[in-house]
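Encoded as structure tokens, the structure appears first; notes follow it.
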Amino acid sequence: MACSKYLGQWQQKAPQIKWLSPSRKVRIATYCSGLGVPEIAMRMVAQEQNSDVDTVFACDIFSGSQQWLQAMNISPILRDMNMRVWNSEAGSIMGKDMQGKAMKFTRESAIDLYVCGFVCTPFTPNGKRKAWADEHSKTFWSAVKTIATLRPRVAILENVKACLLYTSPS
């Protein structure tokens, strides 16, 4: 089925993405990957444009999501995104995959699209609205450090509207 049914007006804008072409793969990386929806959606868009997708890395802090990503053949899957070593000056991050193997990613990884739907519970009634004081809000800062270090072409951060109501910690 064509992705236009799901993407609406974005389907018309897809041809305007100059780096989406049959001559090269779109390089995607995700944090808080969940069920791999960004990867699946990007594969659908790329397929309509006669292109392909290369997953630089996917990551989620929940073991159920990690297992789902493995079942979807999305790899490499990194362990907890808060357990990284960032070197913004050198433009690299170090992390471990699901088997504990150390992996290094650099600016030269040339990530086209970085997507992070960071944990929303700190900003919701179920999470008692602890906001930035909540341990899970670290996923947001991990995403920010990754963007600053690897400098992807496009970065998308997705969350609940309530996260805009809180100021960041000092």
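The values are calculated or read from the model by the stated rules, or taken from the named source; none is laboratory data. What you are looking at is a predicted structure, and each value in this text was computed from that prediction instead of being measured. All Cβ positions, even for glycine, are placed from backbone atoms using ideal geometry, and neighbour counts span all protein chains on display. Heads up: the accessible areas ignore ligands, DNA and RNA and are worked out on the full protein's heavy atoms, side chains in. Shrake-Rupley method; radii C 1.70, N 1.55, O 1.52, S 1.80 Å.
Summary of values
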| quantity | calculated |
| --- | --- |
| Which numbered condition residue 1 fails, given (1) open to solvent by less than 80 Å² (accessible area, probe 1.4 Å); (2) modelled with pLDDT under 85; (3) aliphatic (A, V, I, L, M) | (1) |
| Single residue of region 90-116 satisfying the filter (over 19 Å from residue 27 (Cβ atoms) and among the small types (Gly, Ala, Ser)) that is surrounded by the most Cβ atoms within 10 Å (Cβ to Cβ) | 90 |
| Region 120-162, subset part of a loop (DSSP other than H, G, I, E, B) and free of Cβ contacts under 8 Å to residues at least 24 places away in the same chain, residue nearest to residue 33 (Cα to Cα) | 134 |
| Given (1) out of contact with any Ser or Thr (no Cβ under 6 Å at 6 or more places or on another chain); (2) open to solvent by 40 Å² or more (accessible area, probe 1.4 Å); (3) modelled with pLDDT under 80, index of the condition residue 27 fails | (3) |
| Residue in region 123-131 that is crowded, with 16+ Cβ neighbours inside 10 Å and touching a His at 6+ places or on another chain (Cβ under 9 Å) present | yes |
| Some residue of region 44-53 being part of a helix (DSSP H, G or I), more than 24 Å from residue 149 (Cα to Cα), of a type outside the set (A, V, I, L, M, F, W, C) and open to solvent by 40 Å² or more (accessible area, probe 1.4 Å) | yes |
| Residue in region 35-48 that is closer than 15 Å to residue 143 by Cβ and among the hydrophobic types (A, V, I, L, M, F, W, C) present | no |
| Any chance residue 79 is surrounded by 13 or more Cβ atoms within 10 Å (Cβ to Cβ) and either farther than 20 Å from residue 155 by Cβ or touching a His at 6+ places or on another chain (Cβ under 8 Å) (or both) | yes |
| Residue count, region 133-149 (criterion: more than 18 Å from residue 109 (Cβ to Cβ) and hydrophobic (A, V, I, L, M, F, W, C)) | 3 |
| Selected residue (criterion: surrounded by the most Cβ atoms within 10 Å (Cβ to Cβ)) from residues of region 54-76 that are of a type in the set (Gly, Ala, Ser) and more than 14 Å from residue 101 (Cα to Cα) | 58 |
